[in-house]
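S.K.: This structure is in structure tokens; I'll ask about it shortly.
The values are calculated or read from the model by the stated rules, or taken from the named source; none is laboratory data. Note that this is a predicted model, so its numbers are computed, not measured. Because the Cβ atoms are built from the backbone with ideal geometry, glycine has one as well, and the counts that use them run over all protein chains shown. Ligands, DNA and RNA are stripped out before the accessible areas are found, and what is left, the full protein with its side chains, is counted by its heavy atoms. Shrake-Rupley method; radii C 1.70, N 1.55, O 1.52, S 1.80 Å.
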Amino acid sequence: MTAGTVSRPAPPRVWTQRHLLGLEDLSRQEIETILDTADEFVAVSERRRKKRTDLVGKVVVNLFFEPSTRTRTSFSLAARRLSADTLDFTPSSSSLSKGETFIDTAKNIEAMGIDVIVVRHSTPGAPHLLSKHLACSVINAGDGAHEHPTQGLLDIFTIRQNKGHIEGLTVGLVGDIAHSRVARSNIHGLLKLGASVIVCGPPTLVPPSIARLGVEVSHKLDEILPRCDVINMLRIQFERQRHGLFPSISEYARLFGVDSARLGKAKPDILLLAPGPINRGVEITPDVADGPHSAILQQVTNGLAVRMAVLHLLCGQPSEEH
Ligand code: CP
């Protein structure tokens with residue numbers, strides 16, 4: 001799949017939020033505003049002069065209590081492209097180890113004149129808690145198994161870029177639904193934009209309550225695959241599982257992994273996403289991950305534009321040059 005900017009008439013921009021805590025909180029119009037703004041930032045990233053001045057004089061802090069490659073790097077680069085000052089806070093070498101609380105830590109960082117805190121934490125609701133105690137904007141970069149809104153947005157953006165629309169598509173979310181914040185953000189965003197969502201995985205990794213969000217539930221990938229326009233292959237989150245939830249990795253890969261033989265039963269133009277990191281050979285075989293249906297690295301490229309759009313909408317000024 002090749003990346004490209006989708007051209008469409010500019011709808012009125014709707015944006016009222018001070019924080020980005022989850023896609024559950026956003027209206028369809030607000031999600032579309034982020035996607036349309038990100039379209040403009042894709043074009044910025046493709047030109048020779050990539051720097052803009054939207055966030056001159058603003059300070060963006062990354063506060064990551066869990067590991068990250070894509071999200072943390074992408075937020076740093078997005079903030080710098082918009083001319084913000086950026087800080088990376090490292091919890092392990094901070095005064096948290098002396099007993100300072102999470103809230104006190106955040107308040108002390110904010111007292112240095114911070115405009116945006118990007119927070120990832122293993123506890124669901126941690127960004128929401130910060131948003132109640134701080135005056136600056138808070139962006140949720142992943143809170144436990146709850147939401148990962150910018151990942152959901154970049155997944156949806158990548159689908160729209162390749163398919164031209166979201167309304168009417170059938171999207172399969174496959175794998176470890178129970179522990180996946182990416183699944184929840186995708187579900188909220190895709191349903192608001194008019195897609196149908198099927199969640200698929202072993203019964204131990206798909207909580208029955210997920211159906212209440214308005215999705216179809218399946219435990220047989222081969223049955224739902226031919227109906228899907230897009231599949232998003234979610235990582236088995238071994239670090240969040242307290243005990244074995246399926247008999248073996250090879251058994252999981254046989255029933256829920258995608259290799260070229262299984263992909264051959266899908267629609268010829270199926271789009272394959274994965275939020276990363278991927279367990280190669282478990283959720284997806286290497287030939288499929290690196291093959292023509294995969295948009296995995298395109299998702300990462302789009303993540304930069306989506307995060308620039310979010311920062312711009314939360315605290316940006318019009319750039320001095322376009
Ligand atoms: N997809 C995602 O959130 O990746 P990182 O954990 O590397 O940020």
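S.K.: Residue under question is GLY142, and the condition is that it be open to solvent by less than 30 Å² (accessible area, probe 1.4 Å), touching a residue at least 24 places away in the same chain (Cβ under 8 Å) and not in a helix (DSSP H, G or I); does it hold?
M.R.: Taking the combined requirement at face value, the residue satisfies it.
S.K.: Further question: Only one of ALA145, ALA211, ALA126 is more than 19 Å from LEU272 (Cα to Cα), in contact with a strand residue (DSSP E or B) (Cβ under 9 Å, 6 or more places away or on another chain) and within 16 Å of the ligand (Cβ to nearest atom). Can you tell me which?
M.R.: Being more than 19 Å from LEU272 (Cα to Cα), in contact with a strand residue (DSSP E or B) (Cβ under 9 Å, 6 or more places away or on another chain) and within 16 Å of the ligand (Cβ to nearest atom) holds for just one of ALA145, ALA211, ALA126, which is ALA126.
S.K.: Looking at the stretch 268-278, which of the residues that are part of a loop (DSSP other than H, G, I, E, B) and more than 13 Å from the ligand (Cβ to nearest atom) is least open to solvent (accessible area, probe 1.4 Å)?
M.R.: ILE270
S.K.: State whether the residues of the stretch 87-101 include one that is within 16 Å of the ligand (Cβ to nearest atom), touching a residue at least 12 places away in the same chain (Cβ under 8 Å) and buried (at least 18 other Cβ atoms within 10 Å of the Cβ).
M.R.: There is at least one residue in the stretch 87-101 that is within 16 Å of the ligand (Cβ to nearest atom), touching a residue at least 12 places away in the same chain (Cβ under 8 Å) and buried (at least 18 other Cβ atoms within 10 Å of the Cβ).
S.K.: When the residues of the stretch 43-62 are filtered to those that are farther than 24 Å from LEU87 by Cα and within 22 Å of the chain's Cα centre (by Cα), which remaining residue is surrounded by the fewest Cβ atoms within 10 Å (Cβ to Cβ)?
M.R.: The selected residue is ALA43.
S.K.: Would you check if there is a residue in the stretch 55-67 being in contact with a Phe, Trp or Tyr (Cβ under 8 Å, 6 or more places away or on another chain), of a type in the set (Phe, Trp, Tyr) and either at pLDDT 90 or above or farther than 23 Å from HIS148 by Cα (or both)?
M.R.: Among the residues of the stretch 55-67, at least one is in contact with a Phe, Trp or Tyr (Cβ under 8 Å, 6 or more places away or on another chain), of a type in the set (Phe, Trp, Tyr) and either at pLDDT 90 or above or farther than 23 Å from HIS148 by Cα (or both), which makes the answer yes.
S.K.: Going residue by residue through the stretch 63-79, is there one that turns out to be away from the ligand (no atom under 16 Å from the Cβ) and either of a type outside the set (Phe, Trp, Tyr) or loosely packed, with under 14 Cβ neighbours inside 10 Å (or both)?
M.R.: No; the residues of the stretch 63-79 include none that is away from the ligand (no atom under 16 Å from the Cβ) and either of a type outside the set (Phe, Trp, Tyr) or loosely packed, with under 14 Cβ neighbours inside 10 Å (or both).
S.K.: Still on this structure, I have one more. Cβ-Cβ below 8 Å, separation at least six or inter-chain, first residue in the stretch 247-264 and within 12 Å of HIS293 (Cβ to Cβ) and open to solvent by less than 60 Å² (accessible area, probe 1.4 Å), second assigned to a loop (DSSP other than H, G, I, E, B) and modelled with pLDDT under 95: which pairs?
M.R.: Listed by first residue and then by second, the contacts come to VAL258/GLU283.
S.K.: Filter the stretch 279-293 down to the residues that are within 15 Å of the ligand (Cβ to nearest atom) and open to solvent by less than 20 Å² (accessible area, probe 1.4 Å) and list them by number.
M.R.: Passing the criteria: GLU283, ILE284, ALA289.
S.K.: Counting just the residues of the stretch 166-223 that are among the charged types (D, E, K, R) and in a helix (DSSP H, G or I), which one comes out least open to solvent (accessible area, probe 1.4 Å)?
M.R.: Selected residue: ARG181.
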